[in-house]
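A.B. asks: Following this message is one structure expressed as structure tokens.
The values are calculated or read from the model by the stated rules, or taken from the named source; none is laboratory data. Predicted, not measured: the structure shown is a model, and the values here were computed from it. Note: ideal-geometry Cβ built from the backbone for every residue, glycine included; neighbour counts use all protein chains shown.
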Amino acid sequence: MLSRLFRRRFLEALQQAFDAGNLQFFSALEPLRTRRAFLRYLAPLRSAKWVVYSKAPFDGPEQVLRYVARYTHRVAISNDRLLDIEHGRVSFSWKDYRDNNQRKTMALAAEEFIRRFLMHVVPKGFQRIRHYGFLANRCRGRKLALSRQLLRMPPPEPSCCLNKDYRQRFEELTGRSLTQCPVCKQGEMLVIEVLPGTRPGRRKYPVPHRPFAVRPAFMDTS
């Protein structure tokens with residue numbers, strides 16, 4: 001039942017996109033620009049058996065959330081997997097799922113490592129997480145207030161986290177301190193200088209002045 005429902009919804013969305021002019025066809029697909037040819041192309045798909053695979057996660061929704069978070073809030077590889085950078089080669093650890101999930105080490109030339117890394121960088125104009133509906137950034141405040149009004153819910157109390165430093169919030173959420181030395185795990189990192197941020201490239205038009213983000217420079221006191 002799920003496969004038939006997904007097939008119908010998917011093909012309907014394709015036809016709506018075509019009628020709205022959102023689909024473009026080039027090269028070998030150029031004949032599909034006419035509506036009759038496009039519908040004739042979709043006709044066999046309406047009777048084909050579509051395979052939709054869905055099952056409950058093994059360890060519950062918490063495990064799924066942790067798995068997805070690793071890919072939505074970082075790019076490609078974490079720093080703790082980088083083992084060595086020497087003589088133009090980068091060594092890092094990886095998990096071989098075909099060999100009983102064994103941890104192994106791989107060394108690549110710096111150019112090849114950068115090439116593979118950039119394959120995971122989101123292109124300009126794309127976002128990893130985008131909210132729709134009443135959570136869309138453009139109308140979130142107004143629609144959330146309207147939703148609470150319709151549900152007769154009291155307005156939310158101001159969060160105490162707004163007055164906390166990001167280091168404090170990180171430690172409360174993860175139990176790890178950003179001021180602890182990541183190498184010896186004993187020394188305490190103190191801010192000794194704040195470096196002003198820079199924006200690469202030039203703008204062709206003037207923009208209002210905006211404060212730049214700052215990157216603190218740390219010193220280990222161990």
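A.B. asks: Of the conditions (1) closer than 30 Å to Arg115 by Cα; (2) at pLDDT below 85; (3) among the aliphatic types (A, V, I, L, M), Val52 fails just one. Which one is it?
C.D. replies: (1)
A.B. asks: While we're looking at this one, here's another question. Would you check if Phe126 is closer than 30 Å to His87 by Cβ and either touching a residue at least 24 places away in the same chain (Cβ under 8 Å) or in a loop (DSSP other than H, G, I, E, B) (or both)?
C.D. replies: So Phe126 fails the test.
A.B. asks: Going by the structure shown, is Ile77 touching a residue at least 24 places away in the same chain (Cβ under 8 Å), surrounded by 10 or more Cβ atoms within 10 Å (Cβ to Cβ) and of a type in the set (A, V, I, L, M)? Steps first, please.
C.D. replies: Details: touching a residue at least 24 places away in the same chain (Cβ under 8 Å): yes; surrounded by 10 or more Cβ atoms within 10 Å (Cβ to Cβ): yes; of a type in the set (A, V, I, L, M): yes.
Considered against the rule, which asks whether it is touching a residue at least 24 places away in the same chain (Cβ under 8 Å), surrounded by 10 or more Cβ atoms within 10 Å (Cβ to Cβ) and of a type in the set (A, V, I, L, M), Ile77 comes out as yes.
A.B. asks: Pull up region 128-150, narrow it to residues that are surrounded by 10 or more Cβ atoms within 10 Å (Cβ to Cβ) and of a type in the set (Lys, Arg), then point me to the one that is nearest to the chain's Cα centre (by Cα).
C.D. replies: Arg128
A.B. asks: Just the residues that are farther than 30 Å from Gln186 by Cα and of a type in the set (Asp, Glu), please, taken from region 122-176.
C.D. replies: Result: Glu157, single match.
A.B. asks: When both residues are 6+ apart or on different chains and their Cβ atoms are under 6 Å apart, which pairs have a first residue that lies in region 36-58 and is in contact (Cβ under 8 Å) with a residue 40 or more places away in the chain, and a second that is assigned to a helix (DSSP H, G or I) and surrounded by 12 or more Cβ atoms within 10 Å (Cβ to Cβ)?
C.D. replies: Close Cβ pairs (under 6 Å, with a partner that is assigned to a helix (DSSP H, G or I) and surrounded by 12 or more Cβ atoms within 10 Å (Cβ to Cβ)) amount to Trp50/Ser3; Trp50/Arg7; Val52/Ser3; Val52/Phe6.
A.B. asks: Let me confirm something: among Leu65, Leu2, which residue is without any contact (Cβ under 8 Å) to a residue 40 or more places away in the chain and hydrophobic (A, V, I, L, M, F, W, C)?
C.D. replies: When all the criteria are applied, what remains is Leu65.
A.B. asks: Kindly list, by first and then second residue, each pair from a residue in region 80-103 that is surrounded by 12 or more Cβ atoms within 10 Å (Cβ to Cβ) to a residue that is among the hydroxyl-bearing types (Ser, Thr, Tyr), limited to pairs with Cβ atoms under 7 Å and residues at least 6 apart or on different chains.
C.D. replies: Once the first residue is surrounded by 12 or more Cβ atoms within 10 Å (Cβ to Cβ) and sits in region 80-103, its partners that are among the hydroxyl-bearing types (Ser, Thr, Tyr) give Arg81/Ser93; Leu83/Ser91; Leu83/Ser93; Leu83/Thr105; Ser91/Thr105; Ser93/Thr105.
A.B. asks: Next up: Kindly establish whether Ala13 is of a type in the set (A, V, I, L, M, F, W, C), modelled with pLDDT of 90 or more and loosely packed, with under 10 Cβ neighbours inside 10 Å.
C.D. replies: No: the conditions fail for Ala13.
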